[in-house]
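The values are calculated or read from the model by the stated rules, or taken from the named source; none is laboratory data. The structure presented is a predicted model; accordingly, all values stated were derived computationally and were not measured. All Cβ positions, glycine included, derive from the backbone under ideal geometry; neighbour counts span all protein chains shown. Ligands, DNA and RNA are excluded from the accessible area calculation, which covers all protein heavy atoms including side chains. Shrake-Rupley method; radii C 1.70, N 1.55, O 1.52, S 1.80 Å.
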Amino acid sequence: MLPAFSLRALLIGVGLTAVSCALLVQWPAVALLAFSVTLVWFALLARKVDAKRRPGYLSVIAFAFVGLLFLALVMPAAQRPLPRRNVCMSNMHQLGLALANYHANNGCYPPAYFADAHGRPLVSWRVLLLPYLENRQLYDEWKRHADEPWDGPHNIKLSQQVLEFFHCPSDPGPATETSYVAVVGPGTIWPGTGKVKESQIKDGKSNTILLVEVANSGINWMEPRDLDLKNRAPGVNAPSGLGVSSGHPGCACILFADGRVLTIDEHITDKDLQALLTIAGGETVRWP
């Protein structure tokens, strides 16, 4: 049955328009579907009006009304920034793709840090990842002084550059500090200068954490320092100590070796978290 040209039919059309706008930021595909339904509704309404041989300008008014209403609601929604947690997860996803490309080109993940001939840590894995993050020029600039530590007279200038994909917008720390760190130590994907291959992840890539989020880490993105497996604060968002944490209420973001980015809440036990951080423990993890 075609809708009658009435206040109720008009309100239904307005409601459909409002719903499609509300869905725009989070689910644009669903919003498009909802708006399509809205247009069909007003088309049927206009057809009913014309069928009654009422002035055709009513059809034009109806379509103009819904179009203007949609634009009025869409423009503020389109300009609204994404939620900070979404940006954070997008950053980690970008790092996951870069790590996967590094592995594809080198046959392994990068070492936790780049060291000199005497084994002294110079810069972190984050520097080695720059070419895979569309920052080849910055990487080449570092390579000119690759024998210098991250805080040497040349590299200290590079370390002050802000790279947004290394910093969560909810992190209260300086923008030059990284929010995304490796968990280093024996049995992890990051055993110091050792290099791990995907084939060594016996627990499965979907059960092994590649990177974790740490709020206010105090670690410059170039600094060869991350989160030690044994000395980290237990659990998620521990009130004291450096551990898996974030500025997102009740959770933190993590990147799995298979490329998935998920949030992990504060209720996970430290035993299960420890199991997810090792590559071949064979543990049964009760998460998620």
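Quick rundown of the values:
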| item | result |
| --- | --- |
| Ordering of 209-220, 116-127, 88-99 by packing [mean C-beta count within 10 Å, highest first] | 209-220, 88-99, 116-127 |
| Simple Cβ-charge dipole of the range 120-186, Lys/Arg +1 and Asp/Glu -1, about Cα centre, in debye nearest 20 | 160 debye |
| Gyration tensor verdict on the range 101-237 (Cα atoms; rounded if a/c is under 1.5, prolate if a/b is larger than b/c, oblate otherwise) | oblate |
| Fraction of accessible area attributable to carbon and sulfur, the range 220-288 (%, probe 1.4 Å) | 51 percent |
| Environment charge of Y180, counting only residues whose C-beta is closer than 12 Å and scoring Lys/Arg +1, Asp/Glu -1 | -4 |
| Per-peptide average of other Cβ atoms within 10 Å, ordering 160-168, 131-139 highest first | 160-168, 131-139 |
| Selected from I189, A215, P249, residue furthest toward positive end of dipole (the range 132-288; charges at beta carbon) | I189 |
| Set K157/K202; K157/K195; K157/K205; K202/K230; K195/K271; K197/K271 screened for pairs whose C-alpha atoms are more than 30 Å apart | K157/K202; K157/K205 |
| Residue-normalised accessible area of the range 177-282, given per residue in Å² at a 1.4 Å probe | 39 Å² |
| The range 115-224: relative contact order as a whole-number percent, Cα under 8 Å and 6+ apart | 31 percent |
| Estimated vicinal HN-Hα couplings, Hz - the range 200-208 in sequence order (Karplus 6.51, -1.76, 1.60; Gly, Pro = x) | 8, 7, 6, 6, x, 5, 6, 10, 10 |
